[in-house]
1. When only residues in segment B:428-462 that are part of a loop (DSSP other than H, G, I, E, B) and β-branched (Val, Ile, Thr) count, which is surrounded by the fewest Cβ atoms within 10 Å (Cβ to Cβ)?
2. Of these, A:LYS64, A:LYS69, A:LYS60, which one is free of Cβ contacts under 8 Å to residues at least 40 places away in the same chain, within 14 Å of another protein chain (Cβ to nearest Cβ), buried (at least 17 other Cβ atoms within 10 Å of the Cβ) and farther than 19 Å from B:GLY118 by Cβ?
3. Only one of B:THR39, B:THR72 is farther than 30 Å from B:SER219 by Cα, free of Cβ contacts under 8 Å to residues at least 40 places away in the same chain and of a type in the set (S, T, N, Q); which?
4. Just one of (1) more than 25 Å from A:VAL7 (Cβ to Cβ); (2) charged (D, E, K, R); (3) in contact with a Gly (Cβ under 7 Å, 6 or more places away or on another chain) trips up A:GLU88, so point out which.
5. Hey, B:VAL226 hits all of (1) surrounded by fewer than 21 Cβ atoms within 10 Å (Cβ to Cβ); (2) of a type outside the set (D, E, K, R); (3) in contact (Cβ under 8 Å) with a residue 24 or more places away in the chain but one; which does it fall short on?
6. Name the residue, out of B:VAL534, B:VAL501, that is at pLDDT 95 or above and over 17 Å from B:LEU380 (Cα atoms).
7. Report, ordered by the first and then the second residue, all pairs with beta carbons closer than 9 Å, sequence separation of six or more or different chains, a first member in segment B:134-149 that is more than 11 Å from chain A (Cβ to nearest Cβ), and a second member that is of a type in the set (Ser, Thr, Tyr) and crowded, with 23+ Cβ neighbours inside 10 Å.
8. Out of all the residues in segment A:5-18, which are within 11 Å of chain B (Cβ to nearest Cβ) and not in a loop (DSSP other than H, G, I, E, B)?
Amino acid sequence: MEAEEHVISLLVSNRPGVLSRVSGVFGRQGYNIESLCVAETIDPQVSRITLVSKADLSFKEKIKKQLDKLVDVIEVIELKRTKSVQREMILIGISIKKKVRADVMKAVEMFGCKVIFLKADYCILEIVGSKEETETAFNFFKPLGVQEIARTGVIALSHRNNNDI
Amino acid sequence: MKLKGAEILLKALAEEGVDTIFGYPGGVVLDIYDEIYKTQFKHILVRHEQAAAHAADGYARASGNVGVCLVTSGPGATNTVTGIVTAYMDSIPIVVFTGQVPTALIGSDAFQEADITGITRPCTKHNFIVRKVEDLARTVKEALFIARSGRPGPVLVDLPKDVSQAETEYQESGPLKSAYHDPIYIPNLEALNETLQMIKQAKKPVIMVGGGVILGKASDELRKFVDKVQIPVTHTLMGIGAFPGTDSLSLGMPGMHGTYYANMAITHCDLLLTIGARFDDRVTGKLDEFAPNAKIIHIDIDAASINKNVLVDLPIISDSRSALQQLNKMLHQNHFTIPEDDRRKWLEQIRQWKEYAPLSYHREGEKIKPQYVIEMLYKLTKGDAIITTEVGQNQMWAAQFYLFNQPNTFLSSGGLGTMGYGFPAAIGAQVARPDKTVIDIAGDGSIQMNIQELATVVNYNIPVKVAILNNGFLGMVRQWQEIFYGERYSHTNISQIPDFVRLAEAYGAVGLRATKPEEVIPLIEEALNIPGPVVMDFAVDPQEGVYPMVKPGSPISDMDLGK
């Protein structure tokens with residue numbers, strides 16, 4: 001079966017060691033976590049982990065069950081693209097030497113990204129969007145002289161139609 | 001009332017009904033041991049921490065309650081890891097308390113520091129490190145709750161020295177009734193109804209039960225159910241005792257060293273109702289050809305076990321007891337009748353398989369046959385002993401030739417296959433069940449992996465009997481070398497072994513030896529009459545193999561029935 005990207009959202013107890021248990025489920029079976037984002041929720045005792053992993057269907061089901069078994073995991077939700085909002089942020093450090101400055105600024109405008117740090121020959125851009133959008137923008141900037149990059153990975157929330165989760 | 005952490009630990013354990021600890025002291029648990037001394041809490045001092053974990057495991061399996069052990073930090077803690085994984089693989093509820101260096105020193109590579117929660121994270125059901133004495137009581141109770149609830153398993157609680165020394169207010173609160181992790185399993189009634197429909201339609205049904213029936217305390221419900229539906233029952237290694245081995249509907253064990261008739265019945269059945277078993281590779285053989293003609297129903301408490309190895313037609317997530325209780329209720333209400341003609345034909349077929357290839361061995365010869373020893377142990381204990389095993393040939397022969405009619409009486413490391421398990425587990429079982437005869441069926445290889453526990457059994461006069469099937473080889477590995485590796489016996493000859501009789505005597509136990517078949521019965525009789533620990537050394541035929549045998553990767557219908 002074809003491996004696909006899946007977005008999995010977990011509510012977990014906000015305690016030390018929990019992330020290690022969650023990542024252990026993937027690592028043990030040799031599956032890579034493509035991206036991962038963890039932060040506290042409105043309830044300070046609960047954190048949300050949003051992670052993206054490539055897996056075939058049967059494996060995805062196994063992983064979900066294994067995650068659900070962990071004592072610290074409160075809920076496991078798979079977020080389908082069509083039934084959730086998914087966003088990622090990328091910070092791009094890029095050279096804006098004379099030769100490329102015009103091109104970079106044009107692209108900034110085109111993709112609607114923010115310049116959040118600026119020096120004479122270097123700036124940091126913030127790109128927010130769906131993974132496709134951030135990806136497209138990133139691919140566009142790359143040949144213009146990207147020097148550093150940091151990505152949050154996907155975060156997501158379901159549309160809260162109970163039938164979907 | 002202000003109490004020290006060490007006192008709180010023992011009080012919280014007592015409130016949860018724990019009255020026995022298996023353990024070994026050390027630097028960072030001195031405060032706890034001081035409290036054990038003052039309160040006279042029942043503590044069995046083992047001679048190696050691995051044995052403490054196995055003894056707690058044996059205690060849990062024999063009693064159906066949580067087993068508890070206590071060890072020090074660093075090497076004390078790491079020595080329990082084999083015992084923890086053993087319990088994890090077989091879903092046995094134990095709680096392991098490990099000492100830890102004071103919180104201020106954690107992470108500094110202090111003397112006898114090990115990151116035991118990190119080490120055991122993948123092999124415990126859950127683990128804790130208690131950083132504040134205020135959290136201690138709740139954590140102890142939660143640990144016991146998690147160990148025994150849902151699919152049971154080992155839980156580790158790491159206790160830094162300063163936490164057991166610190167004081168806090170303590171209020172008695174009785175046993176913990178629920179935790180934030182509180183799984184409830186109610187079987188789906190529609191699915192159970194469908195189960196009964198499928199049973200009605202089946203011409204050749206088989207029930208396969210595993211350890212889940214024992215852990216779920218569902219043996220009596222299973223017996224009622226089978227009485228009514230008249231379906232033959234096979235039990236996995238972990239399910240031994242869940243259904244009476246002497247019942248005419250019992251097929252014995254399936255799989256690699258299973259019976260011919262269990263494997264044939266599974267291969268030819270049209271319905272396989274599996275309860276509390278997880279389709280281990282040793283049971284299924286080649287997956288594609290496992291129960292190829294059957295619809296499969298799988299009742300299991302652990303959703304992650306369902307559709308893991310074998311795709312099933314009807315999954316039912318439930319504990320075994322609730323499901324069987326409900327099924328029995330439905331049978332009663334629906335005036336269920338079995339399709340008698342079909343069933344008669346099927347049971348006749350099974351009778352023919354049983355007749356064609358019963359479990360057997362060549363009895364003739366000058367040498368003691370290991371299977372004969374087990375048959376005689378069965379006969380002379382009237383099938384009423386608790387048997388623990390080590391791992392390898394001794395384990396398989398015990399599973400084949402001793403018939404178990406009661407749950408919690410066959411204790412064996414099924415999933416992990418831990419040599420050295422049987423003897424300390426027997427100690428735990430005997431402490432849990434002082435009324436029972438407890439026998440460890442061992443090999444000369446595996447008994448040496450925890451033989452130091454002879455000191456423990458003599459120390460407390462724990463009357464465990466050890467039956468060593470002594471063939472001078474690592475027998476099961478030797479058997480594979482014989483069959484698959486051209487009889488090149490690489491490093492399996494261990495005939496350089498101690499004189500077990502004199503060794504037992506050196507420890508202060510009784511040692512007995514039999515070298516001829518006619519000595520077996522009198523020796524066992526003598527051993528059973530001795531009120532203390534006994535080591536029985538049986539010099540058995542080293543050529544003997546375990547049969548039937550399914551080669552790894554072959555379908556279970558493809559059996560080598562032996563020479």
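1. B:THR437
2. A:LYS69
3. Going through B:THR39, B:THR72 in turn, just one is farther than 30 Å from B:SER219 by Cα, free of Cβ contacts under 8 Å to residues at least 40 places away in the same chain and of a type in the set (S, T, N, Q): B:THR39.
4. So the condition that A:GLU88 fails would be (1).
5. (3)
6. Within the list B:VAL534, B:VAL501, the selection yields B:VAL501.
7. B:LEU136/B:SER164
8. Within segment A:5-18, A:SER13, A:VAL18 qualify.
The values are calculated or read from the model by the stated rules, or taken from the named source; none is laboratory data. Predicted model only: the values in this text are computed from it and were never measured. Here the Cβ is made from the backbone with ideal geometry for all residues, glycine too, and neighbour counts use every protein chain on show.
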